[in-house]
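Below is one structure, written out as structure tokens, with a few remarks after it.
The values are calculated or read from the model by the stated rules, or taken from the named source; none is laboratory data. All values derive from a computational prediction rather than experimental measurement. No Cβ is skipped: glycine too gets one built from the backbone with ideal geometry, and neighbour counts run over all protein chains shown. Ligands, DNA and RNA are excluded from the accessible area calculation, which covers all protein heavy atoms including side chains. Shrake-Rupley method; radii C 1.70, N 1.55, O 1.52, S 1.80 Å.
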Amino acid sequence: MLSLLKAYHNFLLLALFFLSFEANLPSSSSSPTHLCSQTEATALIQFKTSFSIDSVASSYCDDEIAGIKSYAKTESWKEGTDCCSWDGVSCDEKKGQVIGLDLSCSWLYGTFSSNSTLFHLQHLRELNLAFNYFNHSKMPSKFGGFPNLVYLNLSSSFFGGQVPLEVSHLSKLVSLDLSRNFYEPIDKVTFERLVGNQTELRDLSLDGINMSSVTPNALMNLSSSLRSLSLEDCDLRGNFPDEVNAFPNLISLRLSSNLLNGTLPSWLFTAPSSLRSIDLSYNQFSGQIKEFQSKSLEFLSLENNKLQGPILSSISQQLNLVYLRLSYNNLSGVVEYEMFSKLQNLTILDLSYNRDLSLINSNPSSADYTLPNLRYLGLASCKVTEFPPFLKASKGLESLDLSNNRIQGKIPKWMWDVGKDSLTYLNLSHNSLTQVEHLPWTGIETLDLSSNVIHGDLPIPPYGTSVFFISNNSLSGEISSLICNVTSLENLDLSHNNLSGVVPHCLGDLSSSLLMLNLGVNKLYGIIPPIFAEYCRLSFLDLNGNQLEGPLPRSIHNCRQLQVLDLGNNKIN
């Protein structure tokens, strides 16, 4: 479920990015000498009044991530003013006709009527209603009645019912996006009829629509002029076609979260320089990743498949590569750090959890390259023996996973400046770290140091930390009351150490934020203090395997969400 949520979240970010890109494209604007007709102005006003305004309807629009600020565009629509000057409305410069309507992220909330006055705007060429809330309304068949429409985007707007066949009447369509709604499944015949008449189609996105009865071969009926194809999470099954000349103009291919199998189609590797983005993650592809003949890739995601063999050197020639995920496959072989030395634009690199992949730095004396734009690095279970030296200039690093490796000793001091103000996730679990001198990352939210051989006193994480795991180590001494200053803690696991002393009373200050507390298998003694506040949120409490005694505090009754309570192997009466 988490992987699907992640995939969905990743889709929303990509969709919002493309909306931002489209928002910056030049569009027709009104001429001061041509007012829009009264008929079209009235139709727009009536369309406006058929919905309420609620920011929740466009909650996925995030201007910090996508560069789009959601707001009620229709608030600027006033009777008696030129509708060509209204937000989201664009007009033909000569005739004053409304030819474009962009109401994406506009807080529209309500039922979409099949007789909406929107359908009176017969000159529309572009229509964007993405990221609103239409209350699972059936998508009206009249969407197929715009004779001049070249662009239609209804993504993530809570439409339901069948995708009407009338959409196939839009023979001039260049771009169609119906993704992430609640349509009923599309069968093969319906799909072929939908796209069969759209010979001008360049961009198609149907993410999230159940197409389990559509064979991948049916995709070959799409226009050979296709530039972008996105069919993520569509329950597509079977082998993807391996036709040599398939989609020669393709720029972006996104087919993640399906049940596609077989080998990767060979035309991916022989495609011309136009192909920039490939996402086939979360499928069942097998076989090897072949050499890419072009050098134009910017985005490559093949994670969560069954791919085998080595990572070939052509990856190192993709100088424009920004995003590379090959994790959770059966890849094997030795990968030199130097393979990534020329990929200066990389922001995301993830090779975690492959069958037998080893990353080495065979020539440390010449390793003076860095990856300054890196934001995410995942090298879990890659037989890594050191902190990768190319991180030294990654000042904006946000997430680092080096778990399940062979790193020994302590965290090098140069790492203290890596992501010092930006790092939010750090996983160094299941290594052989012996000492933690300093935890300088002020923005850290999740810190996992479990299953190492760290000794000495309990290190105190930065005060904004919400998840802190340091179980299965060799910590000794008392639990410092400084841990209670980390007031954002939700999950704290100090189990399987040699910690002694009493349970700090100040932990009561955290019980209104803590969800999980594990102090099991230590050497704690004394009574269990009344640490359970009136608004206790604990769902998991483990004190097993200590030397605690006395009664269980009555304040445990405050923890009404408690699901796991383990007090075994103590002296409690």
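Report yes if ASN320 is over 15 Å from ASP350 (Cβ atoms), surrounded by fewer than 16 Cβ atoms within 10 Å (Cβ to Cβ) and touching a Lys or Arg at 6+ places or on another chain (Cβ under 7 Å), otherwise no. Taking the combined requirement at face value, the residue does not satisfy it. Scanning region 106-150 for residues that are without any contact (Cβ under 8 Å) to a residue 60 or more places away in the chain, crowded, with 18+ Cβ neighbours inside 10 Å and under 26 Å from the mean Cα position of the chain (by Cα) yields SER106, TRP107, LEU108, TYR109, LEU129, PHE134.
Just one of the numbered conditions (1) open to solvent by 60 Å² or more (accessible area, probe 1.4 Å); (2) more than 25 Å from the chain's Cα centre (by Cα) is not true of ILE411: (1). Quick one: would you say LYS306 is open to solvent by 10 Å² or more (accessible area, probe 1.4 Å), touching a helix residue (DSSP H, G or I) at 6+ places or on another chain (Cβ under 6 Å) and not hydroxyl-bearing (Ser, Thr, Tyr)? Taking the combined requirement at face value, the residue does not satisfy it. Across region 226-250, the number of residues qualifying as farther than 11 Å from THR215 by Cα, open to solvent by 60 Å² or more (accessible area, probe 1.4 Å) and not charged (D, E, K, R) comes to 3.
Residues being more than 16 Å from ASN153 (Cα to Cα), open to solvent by 20 Å² or more (accessible area, probe 1.4 Å), polar (S, T, N, Q) and modelled with pLDDT of 95 or more are entirely absent from region 14-29. Can PHE299 be described as open to solvent by 10 Å² or more (accessible area, probe 1.4 Å), free of Cβ contacts under 8 Å to residues at least 60 places away in the same chain and either aliphatic (A, V, I, L, M) or in contact with a strand residue (DSSP E or B) (Cβ under 6 Å, 6 or more places away or on another chain) (or both)? It is true that PHE299 is open to solvent by 10 Å² or more (accessible area, probe 1.4 Å), free of Cβ contacts under 8 Å to residues at least 60 places away in the same chain and either aliphatic (A, V, I, L, M) or in contact with a strand residue (DSSP E or B) (Cβ under 6 Å, 6 or more places away or on another chain) (or both).
Within region 473-499, the residues that satisfy the criterion of being crowded, with 16+ Cβ neighbours inside 10 Å, of a type outside the set (A, V, I, L, M) and not in a loop (DSSP other than H, G, I, E, B) are CYS484, ASN491, ASP493. Number of residues in region 382-410 that are part of a loop (DSSP other than H, G, I, E, B) and touching a strand residue (DSSP E or B) at 6+ places or on another chain (Cβ under 8 Å) equals 12. As a summary of the residue check, ASN404 satisfies the conditions (1) closer than 19 Å to PHE469 by Cβ; (2) crowded, with 22+ Cβ neighbours inside 10 Å; (3) of a type outside the set (Gly, Ala, Ser) except for the one numbered (2). The residue of region 279-296 that is surrounded by the fewest Cβ atoms within 10 Å (Cβ to Cβ), among those that are under 26 Å from the mean Cα position of the chain (by Cα) and of a type in the set (Ser, Thr, Tyr), is SER286.
Residue check: LEU433 meets all listed conditions (1) touching a Ser or Thr at 6+ places or on another chain (Cβ under 9 Å); (2) outside any loop (DSSP other than H, G, I, E, B); (3) without any contact (Cβ under 8 Å) to a residue 40 or more places away in the chain but one, namely (1). From the residues in region 211-264 that are in a loop (DSSP other than H, G, I, E, B) and among the β-branched types (Val, Ile, Thr), which one is nearest to ASN181 (Cα to Cα)? By that ranking, first place goes to VAL214. The listed residues are LYS172, LYS188, and the only one of them that is under 21 Å from GLN97 (Cβ atoms), surrounded by fewer than 17 Cβ atoms within 10 Å (Cβ to Cβ), free of Cβ contacts under 8 Å to residues at least 60 places away in the same chain and of a type in the set (Lys, Arg) turns out to be LYS172. Please tell me if SER332 is at pLDDT 95 or above, over 25 Å from the mean Cα position of the chain (by Cα) and on the phi < 0 side of the Ramachandran plot. Yes; evaluated as a whole, the condition is true for this residue.
Annotation: ASN249 fulfils all but one of (1) in contact with a strand residue (DSSP E or B) (Cβ under 8 Å, 6 or more places away or on another chain); (2) of a type outside the set (D, E, K, R); (3) within 24 Å of GLU298 (Cα to Cα); the unmet one is (1). State whether the residues of region 64-75 include one that is open to solvent by 50 Å² or more (accessible area, probe 1.4 Å), of a type in the set (D, E, K, R) and modelled with pLDDT of 50 or more. Checked against the condition, which is being open to solvent by 50 Å² or more (accessible area, probe 1.4 Å), of a type in the set (D, E, K, R) and modelled with pLDDT of 50 or more, region 64-75 yields at least one hit. The residues of region 429-450 that are buried (at least 19 other Cβ atoms within 10 Å of the Cβ) and either in contact with a helix residue (DSSP H, G or I) (Cβ under 9 Å, 6 or more places away or on another chain) or of a type in the set (Ser, Thr, Tyr) (or both), listed by number, are SER429, TRP441, SER450. Each residue in region 352-381 was checked for being outside any loop (DSSP other than H, G, I, E, B) and either open to solvent by 10 Å² or more (accessible area, probe 1.4 Å) or closer than 14 Å to TYR425 by Cβ (or both), and 9 pass. Restricting TYR463, TYR425 to residues that are under 23 Å from ARG406 (Cα atoms), hydroxyl-bearing (Ser, Thr, Tyr) and open to solvent by 50 Å² or more (accessible area, probe 1.4 Å) narrows the list to TYR425.
Cβ-Cβ contacts under 9 Å between residues 6 or more apart (or on different chains), taken from a first residue in region 274-290 that is of a type in the set (Lys, Arg) to a second residue that is part of a loop (DSSP other than H, G, I, E, B), are listed as ARG276/ILE251; ARG276/SER296; ARG276/LEU297; ARG276/GLU298; ARG276/ASN320; LYS290/LEU264; LYS290/SER266; LYS290/LEU312. Note on region 303-351: among residues that are of a type in the set (A, V, I, L, M) and in a strand (DSSP E or B), the one that is farthest from SER252 (Cα to Cα) is VAL334.
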